[in-house]
Amino acid sequence: MPTDFLTKLKRAAAERDSWLCVGLDPVLERMPRGISKDAKGLVAFCQRIIEATAPFAATFKPNIAFFETLGRDGWSALSDVCDAVPSDIPVILDAKRGDIGNTAERYAEAYYDVLGVDAVTVNPYMGWDAVKPFATHPGKAAIVLCLTSNASAGELQFARIADDANEPLFHRVARLVAQWEGTCGLVVGATKAEHVGVVRHLAPDNVLLIPGIGAQGGDLEASVRNGAWRGGGGALINASRSILFASSGEDFAEAAAREAKRLQEELARAQPR
C-alpha cells in the first residue's frame, strides 16, 4: 500500500534527523564545469546533486519552470529527475498551480499519476475548488502559498479582508487551510520570519514549507523556532541556490553535500525540544 505524504515525510525526516528541503532549480547558464548546458546535462547535474544530498534531505523540491524552459525535452528531464530521488524521500513539485476545478484535476493527475510526485505547491487565489484535487488525491498533499518571500508579496498578502479589517489576507489563507479537508501544507517565506509564528498559531498542525534561506538571506534559526510543531519538526526549510551552486567546479556535488550537511546540522540544533 502506498505511503501517504505526511507519513513518508515524517519517516524521512526522522531517519535523517533533518527537516531540510533541497530545492532543484537548475539554471542552464550556471551548470558547473564538465556538465553540458542542455537537457541531458541538466538531468546529470540534478542526479548528482540528489545522490550527494540525499543523506541530509527530508524532501526534494524540483521547480517545474526550470524544466519547462527546455521545451519538449523538459518533461522528460523532469521525469528523470523525479525518478532519481530515493523512493523513501518525498518529492514536492514546485508548480504553484491554481485553476478551476476540472483543470486542476488534470494538473493533479499529470503530477501525481504520471510524474509520481508526492505533493504540489498550489495558489489559493481561486479558492477551495482549485486546491481540492491536489489536497484530496489519495496519499498526496497540496502545499498552499500563504506568505511568500518575494519583494512585492505584500501588495496582496497583507491586504485587509473586507469583512474583518484587522485580518490580512495571509491570515485568512492560513485559517482556511487549517480547516480544509485532505492534506495541506503552507508556504511561508523565511524572509518574513516574524510572521512565521503567526501562521503556525493559525495552522498548528500543518506542515510549513519555508523558502528564502541561504541566497535570499532568511533567518534559519528564527524560522525553525517560530514554525516548528511543539516538540520539533513540521517546518521544512528549503534551500536551493546555496546548495546547487555551492561550487562551479567539477566538485559541485561534494560542495553541495557539504552545504546540505551544514544546513541539516544547523536545523537539528535549532529544533525545539
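The values are calculated or read from the model by the stated rules, or taken from the named source; none is laboratory data. What you see is a predicted model; the values in this text were computed from it and never measured. In this analysis, Cβ positions are derived from the backbone assuming ideal geometry, glycine residues included, and neighbour counts consider all displayed protein chains.
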- Query: Only one of (1) more than 18 Å from Ala141 (Cα to Cα); (2) modelled with pLDDT of 95 or more is not met by Trp180, so which one is it?
  - Reply: (1)
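Going through Leu244, Leu220 one at a time, which residue ends up being surrounded by 23 or more Cβ atoms within 10 Å (Cβ to Cβ), in contact with a Leu (Cβ under 8 Å, 6 or more places away or on another chain) and touching a residue at least 24 places away in the same chain (Cβ under 8 Å)?
Working: Leu220 fails: surrounded by 23 or more Cβ atoms within 10 Å (Cβ to Cβ).
Just one listed residue meets the conditions, Leu244.
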- Restricting region 1-52 to residues that are part of a loop (DSSP other than H, G, I, E, B), touching a helix residue (DSSP H, G or I) at 6+ places or on another chain (Cβ under 8 Å) and acidic (Asp, Glu), the one farthest from Gly185 (Cα to Cα) turns out to be Asp38
- Query: Applying the selection to region 187-201, what residues are of a type outside the set (D, E, K, R), at pLDDT 90 or above and closer than 17 Å to Arg225 by Cβ?
  - Reply: Val188, Val196, Gly197, Val198, Val199, His201
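Please work out which residue is modelled with the lowest pLDDT, limiting yourself to region 1-20 and to residues that are of a type in the set (A, V, I, L, M, F, W, C) and more than 13 Å from Gly233 (Cβ to Cβ). Don't jump to the end; show me each part of the working.
Looking only at region 1-20, we keep the residues that are of a type in the set (A, V, I, L, M, F, W, C), and these are 1, 5-6, 9, 12-14, 19-20.
Restricting the remaining residues to those that are more than 13 Å from Gly233 (Cβ to Cβ) gives 1, 5.
Details: Met1: 43, Phe5: 97.
So the residue we want is Met1.
Just to be sure I understand, how many residues within region 125-144 are touching a helix residue (DSSP H, G or I) at 6+ places or on another chain (Cβ under 6 Å) and of a type in the set (Val, Ile, Thr)?
1
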- Query: Would region 70-78 turn up any residue that is modelled with pLDDT of 95 or more, crowded, with 16+ Cβ neighbours inside 10 Å and closer than 21 Å to Leu209 by Cβ?
  - Reply: yes
- Looking only at residues in region 104-124 that are touching a helix residue (DSSP H, G or I) at 6+ places or on another chain (Cβ under 7 Å) and touching a residue at least 60 places away in the same chain (Cβ under 8 Å), which one is surrounded by the fewest Cβ atoms within 10 Å (Cβ to Cβ)? Asp118
- Note on the structure: When region 167-206 is checked residue by residue, the ones that are touching a Gly at 6+ places or on another chain (Cβ under 6 Å) and farther than 14 Å from Leu145 by Cβ are Ala190, Thr191, Val196, Arg200
- Could you count how many residues in region 141-165 are aliphatic (A, V, I, L, M) and either in a loop (DSSP other than H, G, I, E, B) or modelled with pLDDT under 70 (or both)? 5
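Among the residues of region 233-248, are any of a type in the set (Ser, Thr, Tyr), part of a loop (DSSP other than H, G, I, E, B) and over 15 Å from the mean Cα position of the chain (by Cα)?
At the first step, the residues of region 233-248 found to be of a type in the set (Ser, Thr, Tyr) are 240, 242, 247-248.
Checking the rest, the ones that are also part of a loop (DSSP other than H, G, I, E, B) come to 240, 247-248.
Applying the additional criterion that residues be over 15 Å from the mean Cα position of the chain (by Cα) yields 247-248.
Within region 233-248, one or more residues are of a type in the set (Ser, Thr, Tyr), part of a loop (DSSP other than H, G, I, E, B) and over 15 Å from the mean Cα position of the chain (by Cα).
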- Query: Restricting the search to region 227-255, which residues are closer than 22 Å to Ala14 by Cβ and touching a Lys or Arg at 6+ places or on another chain (Cβ under 9 Å)?
  - Reply: Gly227, Ala228, Trp229, Gly231, Gly232, Gly233, Gly234, Ala235, Leu236, Asn238
- Item | Tally, over region 87-107, of residues that are β-branched (Val, Ile, Thr) and either modelled with pLDDT under 95 or over 15 Å from the mean Cα position of the chain (by Cα) (or both) | 2
- Task: Name every residue in region 54-83 that is in contact with a strand residue (DSSP E or B) (Cβ under 6 Å, 6 or more places away or on another chain), β-branched (Val, Ile, Thr) and either within 16 Å of Glu29 (Cα to Cα) or in a strand (DSSP E or B) (or both), in order of residue number.
- Result: Thr59
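Which is among the aliphatic types (A, V, I, L, M), closer than 16 Å to Ala58 by Cα and more than 16 Å from the chain's Cα centre (by Cα), of Ala77, Ala110, Ala84? Working first, answer last.
On the way: Ala77 fails: closer than 16 Å to Ala58 by Cα; Ala110 fails: closer than 16 Å to Ala58 by Cα.
Step by step, each of Ala77, Ala110, Ala84 is checked, and only Ala84 is among the aliphatic types (A, V, I, L, M), closer than 16 Å to Ala58 by Cα and more than 16 Å from the chain's Cα centre (by Cα).
For the subset of region 84-103 comprising residues that are touching a residue at least 24 places away in the same chain (Cβ under 8 Å) and part of a helix (DSSP H, G or I), which member is surrounded by the fewest Cβ atoms within 10 Å (Cβ to Cβ)?
Within region 84-103, the subset touching a residue at least 24 places away in the same chain (Cβ under 8 Å) is 84-86, 88-101.
Those still in the list that are part of a helix (DSSP H, G or I) too: 84, 101.
Working: Ala84: 20, Gly101: 14.
My answer is Gly101.
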